[in-house]
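Participant: Got a structure here, written out as structure tokens. Questions coming.
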Amino acid sequence: MHKNSKGISLIEALITLLVLSTGLLGLGQLQARLWSTSSRLHATDQAYLLGARYLEILTTKQLLGADLRDEPERQTERAGTRFNTTAAVQENMQLVEIRVHIEWRSPDGPHSIQLQSSTSPVARAADTRLLLPGDPGVPLSR
């Protein structure tokens, strides 16, 4: 090469293009993995919200004196994901245990969570101000 030559050679340009394209492919794979993880976390979050709501309803029913028994499986669809929810109630002398089990499928396989609550069988709702109006058979104080 001459000492006065300016610019880059074809080999340098090809090496630069190879390094740049490899980096861009890596960024594309990272973006795809982030989308997948975000989708899985969103479905898990929806499952926890659904389970917590269902568990709260069953616990409130128990506090109001309703006769609880195992609930049949329910299917709920949220954000494009179908959740199968089951509830099991186990009563003994000291505790009423309510378990809510939620299952769903995502592209990377099946997932599930389980939430549990325990209350005393003698516990009852003492403050009726916390109850929503319109519940049949529940007197409301004003």
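Yes or no, residue by residue, for (1) of a type outside the set (V, I, T); (2) within 22 Å of Q116 (Cα to Cα); (3) out of contact with any Lys or Arg (no Cβ under 6 Å at 6 or more places or on another chain); (4) exposed (fewer than 14 other Cβ atoms within 10 Å of the Cβ):
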| residue | (1), (2), (3), (4) |
| --- | --- |
| S21 | yes, no, yes, yes |
| L24 | yes, no, yes, yes |
| Q31 | yes, no, yes, yes |
| S39 | yes, no, yes, no |
| L49 | yes, yes, yes, yes |
| T81 | no, no, yes, no |
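Participant: How many of the residues making up the stretch 6-46 are of a type in the set (S, T, Y) and either within 30 Å of H111 (Cβ to Cβ) or touching a strand residue (DSSP E or B) at 6+ places or on another chain (Cβ under 7 Å) (or both)? Please lay out each step first, then the result.
Facilitator: Of the stretch 6-46, the ones of a type in the set (S, T, Y) are 9, 16, 21-22, 36-39, 44.
Retained after the next criterion (residues that are either within 30 Å of H111 (Cβ to Cβ) or touching a strand residue (DSSP E or B) at 6+ places or on another chain (Cβ under 7 Å) (or both)): 36-39, 44.
Result for the stretch 6-46: 5.
Participant: Can you confirm whether P72 is at pLDDT below 85, in a strand (DSSP E or B) and surrounded by fewer than 11 Cβ atoms within 10 Å (Cβ to Cβ)? Show your work before the answer.
Facilitator: Numbers: at pLDDT below 85: yes; in a strand (DSSP E or B): yes; surrounded by fewer than 11 Cβ atoms within 10 Å (Cβ to Cβ): yes.
Taking the combined requirement at face value, the residue satisfies it.
Participant: When the stretch 48-69 is examined, which residues are found to be over 17 Å from A88 (Cα atoms) and at pLDDT 90 or above?
Facilitator: Across the stretch 48-69, the qualifying residue is only L49.
Participant: Continuing with the same structure: Is it true that some residue in the stretch 54-74 is out of contact with any Pro (no Cβ under 8 Å at 6 or more places or on another chain), more than 20 Å from L41 (Cβ to Cβ) and aromatic (F, W, Y)?
Facilitator: yes
Participant: Cβ-Cβ distance below 7 Å, separation of 6 or more or different chains: which pairs start in the stretch 4-32 with a residue that is in a loop (DSSP other than H, G, I, E, B) and end on one that is among the basic types (K, R)?
Facilitator: none
The values are calculated or read from the model by the stated rules, or taken from the named source; none is laboratory data. All figures in this text were calculated on a predicted structure; none of them were measured in a lab. Cβ atoms come from the backbone with ideal geometry, glycine included; neighbour counts cover every protein chain shown.
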